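Here's the structure we're looking at; comments come further down.
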Amino acid sequence: FRKRDAGPSRAAAAAQAAAAQAAQAEAADSWYLALLGFAEHFRTSSPPKIRLCVHCLQAVFPFKPPQRIEARTHLQLGSVLYHHTKNSEQARSHLEKAVSAGRAIPQFEDVKFEAASLLSELYCQENSVDAAKPLLRKAIQISQQTPYWHCRLLFQLAQLHTLEKDLVSACDLLGVGAEYARVVGSEYTRALFLLSKGMLLLMERKLQEVHPLLTLCGQIVENWQGNPIQKESLRVFFLVLQVTHYLDAGQVKSVKPCLKQLQQCIQTISTLHDDEILPSNPADLFHWLPKEHMCVLVYLVTVMHSMQAGYLEKAQKYTDKALMQLEKLKMLDCSPILSSFQVILLEHIIMCRLVTGHKATALQEISQVCQLCQQSPRLFSNHAAQLHTLLGLYCVSVNCMDNAEAQFTTALRLTNHQELWAFIVTNLASVYIREGNRHQEVLYSLLERINPDHSFPVSSHCLRAAAFYVRGLFSFFQGRYNEAKRFLRETLKMSNAEDLNRLTACSLVLLGHIFYVLGNHRESNNMVVPAMQLASKIPDMSVQLWSSALLRDLNKACGNAMDAHEAAQMHQNFSQQLLQDHIEACSLPEHNLITWTDGPPPVQFQAQNGPNTSLASLL
């Protein structure tokens, strides 16, 4: 999450006022003020008349203005060209001249540091990161007497290192920033630096460093007395880190108090009015995210929680709200973080659709993620592994197991994220188990790498419980029923501890199946009935289909003809719904995505000749 300055309503307004005052002091000549006024008029016209604005600014140079005016005009031209045109070459030239001239002029901080900041952004946009780093380092070195710019440049360089996945260097810079903010008396910005560092430490899974840091952040946030919106935004940042930490650990039940606090906090922020009073300390001229972005983020973590807990209707409700808000925001704001939010929301709702038996809709949403990734190479780079994982899950749902294997294998090649790796391996192992004896050696190797009894690769409670389930499934297919029961009871114990409803339902129905095979009909019924109830509550169509088939067979075996008929009717209804959805999904042109395993997402799709309507994978 990128740190920003106080936005057009605050810092930019103050900077423009300061620039206007400086310009008046620097130029008594009316020609300069006239040209500047015309340029600003054209820039702020609706629609903006950028070509005329540029002409007015360029007209300053023939007058051979003083050095300070010349430097400021180069900055203004570079900024206009960078933000409003595609002429990056001229923008770079003007900004480089502004940086060079600014260094030669004493006490000219606003020009030389803004020029350095913009120029480094432009360098990064042109993939010239090696040119941006020394520029920012030099600006940081000479900006220590200017708290606002020193903090802003530290945030910017830390952001650059983060984008390069050099999280160690980014954390070091954020630590430097936190100490500097403390020295200049800005506890607010110190908290921003520390929370940003905590976020990166969570990404690196350095949990021993995260816990004391988050404790310190909590104390700073509670003790800081200042602008109510800034205080609440710090609390949102702090609580978002806590909630995502719990969710990464698969602790769906333990996270509930933090999530409730977060939801209350965002409600408080939405009732506060953002005043225009600038902080007295220039180092406080920052904010984390706009209120509207924070609202979407809270919806997003709520969807993540609902998905993990198996409250899929709730996940759908909050996804709809968040996507509606995002559409409104994207009409006015082209911030890349909004596209990231949208992709993450879609990733979660796609998994919900696959569980609830809406494969066709899920496939269309996978295609939507592809389209978003086509617009941003960085977004695709960050989400390619997740995209192939979703396609793998879709392939499993439509019984295209060879394609599922190819998608999961591609996803494994593209990720170095431990939790995602474990999730993919768990699903790939389940594919091999269902395929029988074709991949025995590979399967044994995978199962050993996610052995939940010892040296499990990640700390996630949810993924470890899932690994026990997969071991139970494997033992069931091998006919080792006592071993299967041991693994599944472990899954039940773990899933009940953290309210992991889908894992509970899956474990119950598989245990019910095992007891049915062993002839223990009473115990089988004791497992299958609650599995059916829980699956209906989620709702999980595959578990409902499986449970209804078992209930039909159990009641037949026990001579309960009426109950057997009712269960058979339920099974028939679920089968028809799933078959209809299966045919619809496989008939979509987007179904061809299942063959894509290399390079960027394909742009166009050809219609299928006809779907494979096998439902064997569902039973």
Worksheet item: Of (1) open to solvent by less than 50 Å² (accessible area, probe 1.4 Å); (2) in contact (Cβ under 8 Å) with a residue 24 or more places away in the chain; (3) touching a helix residue (DSSP H, G or I) at 6+ places or on another chain (Cβ under 6 Å), Leu192 satisfies all except one. Which?
Response: (3)
Worksheet entry | Hey, Asp130 closer than 22 Å to Leu379 by Cα and either hydrophobic (A, V, I, L, M, F, W, C) or assigned to a helix (DSSP H, G or I) (or both) or not | yes
Response to the item:
The one condition Glu347 fails out of (1) in a loop (DSSP other than H, G, I, E, B); (2) closer than 24 Å to Lys537 by Cα is (1)
Item to complete: Considering each residue of segment 543-570, count those that are assigned to a helix (DSSP H, G or I) and open to solvent by 40 Å² or more (accessible area, probe 1.4 Å), and give that number.
Response: 12
Worksheet item: Which one of the conditions (1) free of Cβ contacts under 8 Å to residues at least 40 places away in the same chain; (2) open to solvent by 70 Å² or more (accessible area, probe 1.4 Å) does Glu584 fail to meet, given that it meets all the rest?
Response: (1)
Discussion item. List pairs: first residue in segment 332-350 and closer than 16 Å to Ser381 by Cβ, second residue open to solvent by 30 Å² or more (accessible area, probe 1.4 Å) anywhere in the structure, Cβ distance under 6 angstrom, at least six positions apart or on different chains.
Written reply: Glu347/Gln386
Worksheet entry | Subset tally (residues that are within 15 Å of the chain's Cα centre (by Cα) and either of a type outside the set (D, E, K, R) or within 11 Å of Val221 (Cα to Cα) (or both)) for segment 243-256 | 4
Worksheet item: Just for segment 267-284: of the residues that are of a type in the set (A, V, I, L, M) and open to solvent by less than 30 Å² (accessible area, probe 1.4 Å), which one is nearest to Gly177 (Cα to Cα)?
Response: Ala283
Worksheet item: Would you call Lys206 more than 20 Å from Ser100 (Cα to Cα), touching a Gly at 6+ places or on another chain (Cβ under 7 Å) and among the charged types (D, E, K, R)?
Response: no
Practice prompt. Within segment 34-69, count every residue that is crowded, with 19+ Cβ neighbours inside 10 Å, outside any helix (DSSP H, G or I) and among the small types (Gly, Ala, Ser).
Written response: 0
Worksheet item: Would segment 411-419 turn up any residue that is modelled with pLDDT of 90 or more, more than 21 Å from the chain's Cα centre (by Cα) and among the aliphatic types (A, V, I, L, M)?
Response: no
Discussion item. Of the residues Tyr311, Tyr318, only one is in contact with a Phe, Trp or Tyr (Cβ under 9 Å, 6 or more places away or on another chain), within 25 Å of Leu239 (Cα to Cα) and of a type outside the set (Val, Ile, Thr); which?
Written reply: Tyr318
Fill in: Candidate set from segment 211-239 (those that are in contact (Cβ under 8 Å) with a residue 60 or more places away in the chain and β-branched (Val, Ile, Thr)); member that is least open to solvent (accessible area, probe 1.4 Å)
Val236
Worksheet item: What are the pairs, 6+ residues apart or on separate chains, where a residue within segment 240-266 that is open to solvent by less than 20 Å² (accessible area, probe 1.4 Å) has its Cβ under 6 Å from a residue that is among the charged types (D, E, K, R) and not in a helix (DSSP H, G or I)?
Response: Val252/Glu498; Val252/Asp499
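Residues checked against (1) at pLDDT 95 or above; (2) not charged (D, E, K, R):
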| position | (1), (2) |
| --- | --- |
| Cys462 | no, yes |
| Leu473 | yes, yes |
| Gln478 | no, yes |
| Asp499 | no, no |
| Ala505 | yes, yes |
| Gly512 | yes, yes |
| Met532 | yes, yes |
| Ala557 | no, yes |
| Ala561 | no, yes |
Worksheet item: From Ser93, Ser79, Ser100, Ser9, which residue is closer than 27 Å to Lys291 by Cβ and modelled with pLDDT of 90 or more?
Response: Ser79
Fill in: Residue among Gly185, Gly250, Gly226, Gly218 that is farther than 24 Å from Ala158 by Cβ and of a type in the set (Gly, Ala, Ser)
Gly250
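The values are calculated or read from the model by the stated rules, or taken from the named source; none is laboratory data. Note that the structure is predicted; figures quoted are calculated from it, not measured. Here the Cβ is made from the backbone with ideal geometry for all residues, glycine too, and neighbour counts use every protein chain on show. Please note that ligands, DNA and RNA were not included when accessible areas were found on the heavy atoms of the full protein model with its side chains. Shrake-Rupley method; radii C 1.70, N 1.55, O 1.52, S 1.80 Å.
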